[in-house]
Amino acid sequence: MIKIIPFVAALCISTSAIAAPSPTIIKAEDTSIFSALDTAQPIWAKDGMVSSQEALASQVGVNILRQGGNAVDAAVAVGFSLAVTLPRAGNLGGGGFMLVHLAKEQKTIAIDYREMAPARAHKDIFLDEQGNAVSELSRSHGLAVGVPGTVMGLELALQKYGTMTMQQVTQAAIKLARDGIAVTPDLANSLAGLKARIAKWPSSAEVFYKLDGENYLPGEVLKQPELAHSLALIAKHGSKGFYHGETAEKIVAAVQSAGGIMTMKDLAAYRAAERTPVAGSYRGYQVISMPPPSSGGLHLIQLLNILEHHPISALGHNSAATLHLMAEAMKRAYADRSEYLGDPDFYQVPVNALINKTYAKQLAQQIDPNRATPSSAIKPGNLAPYESDQTTHYSVVDKWGNAVSNTYTLNFSYGSGLVAKGTGILLNNEMDDFSAKPGVPNGFGLVGGDANAVEGGKRPLSSMTPTIVLKEGKPFLVTGSPGGSRIITTTLQVVMNVIDHGLNIAEATNASRVHHQWLPDELRIERSLNPDTKALLEAKGHTLSVQSAMGSTQSIMVTEHGLYGASDLRVSGSAAIGYK
């Protein structure tokens, strides 16, 4: 049985404490573990670090680094392991984005393995006879499932930029699925809380609940033999073990039985794509992030461009003056997102216009430092033609200076809730990220237009924002977060907390967060925000909405003294783990 760690936010484990290749978590009382659970201090390591939302998966990645694998090898191993240990977001049946920075070549690559719409999908697929959007069809139905990209994306990264074989990097995930994992309190609570949505599918109930229908309790062992078999096919055949043969047949059968239109041809036709990252500068640092079909990188850079015109550092961290300027910038960026963002293979996204510093200066000049602008008065800019709380992010840095920033998702927690019978694979509901109808909000309240309309073979727009910040050409900060529409603004605040306010990575991670997405016209805040600051923001005209914790950043900072990592305290069971 795999031992369970009590809630661990961040760990640093010495090489002597890790017995490769076993993924077994080391006991929390081991004296070689250094923990910062009760402080705002980051965790230090010299030779490599993984920060992910689940401790077992972080451990798997560190084991790969210790065996001599590079950051890409470790990232791929973490991706497959999270499909076992964090089923609500880690996945084989979803998709995502990966940034790979190669130290020797001084080059950063963006890998797009976002899901694609089945070939027969069309813009009216989620509308009823009266032309109204039907949310159930895009969220909990066979039509909600996009063609998964994760397996193809991880394979592309491994083959081009890794050093290990698929069998090596899937070994730990197969073992975890076959032998079982100890159910954490976090996993037990999420399965119990979403039981109605998951257990309505008999194939899912068989995997995630006991034979008598009862919930798993913390400490009990959850085995996933069918998922182990699916992973073993990938280990043996690579992506062909997923997109062809028995796994593909079972996925198609499950989707079609649930009313969907995916075919074997759709799976066979899927391709991950390499894209040129978007890049900008902020106060002397280079910011590199994901291009469309992610909106995250463009709007992160756009926001930084706007805020660079204001003395953020002098105004103070999380002061009302600073948060007001951030909220006003957010409104304008999200207004542009609603109009201009979509799949670049189908629409000419105005990338250069959106990240142009002159355009940002114009937006900055629109902001009244003393008064909030109503969202109704803000429209998308006149430019040239052109995810879920349960996404998950992880960051990896190796001893050679290579770095990976990866965000992937099923969309909603546990995606559609549907496990393809006989595979153990949860299927996404990413089709909800398309605009079912222009002007109608999706599951995260985001409004889109024709640029993000449903179309066969098209990738839905995303907010995922895997990001690498360079200092003098070398990785300085590797970060990203889940959080649906809040991913962009969460990532923004980590970057600003470090660069503008000089916070260490743990302080930057655990500071209170805010979010505005233009519509609805409200400034979402975490309840920990200072009451006096709240009153000052309301006096400036902001409507405040207290929300539950936003995001779960997994970050690594690279300094001349070594690696400093922090895993967000907002979720339990996450861990930044390094070795020295």
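A protection proxy built from the mean count of other Cβ atoms within 10 Å ranks the segments 288-295, 42-49, most packed first, as 288-295, 42-49. What net charge is computed for the residues neighbouring ALA199, neighbours being all others with C-beta under 13 Å from the C-beta of ALA199, Lys and Arg scored +1, Asp and Glu -1? It works out to a net charge of +1. Of PHE346, PHE476, PHE80, the residue with the largest accessible area leads and the full order is PHE346, PHE476, PHE80 (1.4 Å probe). FRET efficiency for the pair ASP450 and GLU249, taken as 1/(1 + (r/R0)^6) with r the Cβ-Cβ distance and R0 = 41 Å, rounds to 0.70. For the chain, carbon and sulfur atoms together expose 51% of the accessible surface, with a 1.4 angstrom probe and every protein chain in place. Among LEU194, LEU304, the sequence by solvent-accessible area, most first, with a 1.4 Å probe is LEU194, LEU304. Between LYS379 and THR276, full extension at 0.36 nm per residue minus the direct alpha carbon distance yields a gain of 34.2 nm.
Size check on the chain: the Cα extents along the three principal axes, sorted descending, read 63, 59, 46 Å.
Using a probe of 1.4 Å on the protein chains alone, the accessible area found for HIS310 is around 30 Å². Surface analysis of the chain yields an accessible area of 34 Å² per residue, using protein heavy atoms and a 1.4 Å probe.
Note on LYS46 and GLU105: with the Förster distance fixed at 30 Å, the Cβ-Cβ geometry gives a FRET efficiency of about 0.85.
Applying the criteria of a DSSP loop state and at most 12 other Cβ atoms within 10 Å to the GluC sites (Glu not before Pro) of the stretch 494-580 yields GLU560.
Listed by chain and number, the lysines whose C-alpha is less than 23 Å from the C-alpha of LYS46, apart from same-chain residues fewer than 8 away, are LYS27, LYS104, LYS107, LYS399, LYS471, LYS474, LYS580. Excluding residues fewer than 8 places away in the same chain, name every one of the lysines whose C-alpha is closer than 24 Å to that of LYS331. Within reach: LYS357, LYS361, LYS379, LYS437, LYS534, LYS540.
Over the residues of the chain, the helix contribution to mean residue ellipticity at 222 nm works out to -9500 deg cm²/dmol, using -39500 (n - 2.57) for each DSSP H run of at least 4. In straight-distance terms, cross-link reach from LYS240 covers every one of the lysines whose alpha-carbon lies under 24 Å from its own, apart from those fewer than eight places away in the same chain; here that gives LYS160, LYS175, LYS250, LYS265, LYS421, LYS458.
From most to least packed by mean Cβ count within 10 Å, the peptides 396-404, 133-141, 453-461, 52-60 give 52-60, 396-404, 453-461, 133-141. Label-to-label distance for GLN167 and ASN530 is 5.9 nm, based on points extended 7 Å past Cα in the beta-carbon direction. Other residues with beta-carbon under 9 Å from the beta-carbon of HIS299 carry, at +1 per Lys or Arg and -1 per Asp or Glu, a net charge of 0. Here's the picture: charge each Lys and Arg Cβ at +1 and each Asp and Glu Cβ at -1 in the stretch 48-116, and of VAL100, VAL76, LEU65 the one pushed furthest to the positive end of that dipole is LEU65. Packing order of peptides 256-265, 465-474, highest average first: 465-474, 256-265 (average count of other Cβ atoms within 10 Å over each peptide's residues).
The values are calculated or read from the model by the stated rules, or taken from the named source; none is laboratory data. These numbers come from a predicted model, not from an experiment. Because the Cβ atoms are built from the backbone with ideal geometry, glycine has one as well, and the counts that use them run over all protein chains shown. Just so you know, the surface numbers come from the protein's heavy atoms only, side chains and all, with ligands and any DNA or RNA stripped out. Shrake-Rupley method; radii C 1.70, N 1.55, O 1.52, S 1.80 Å.
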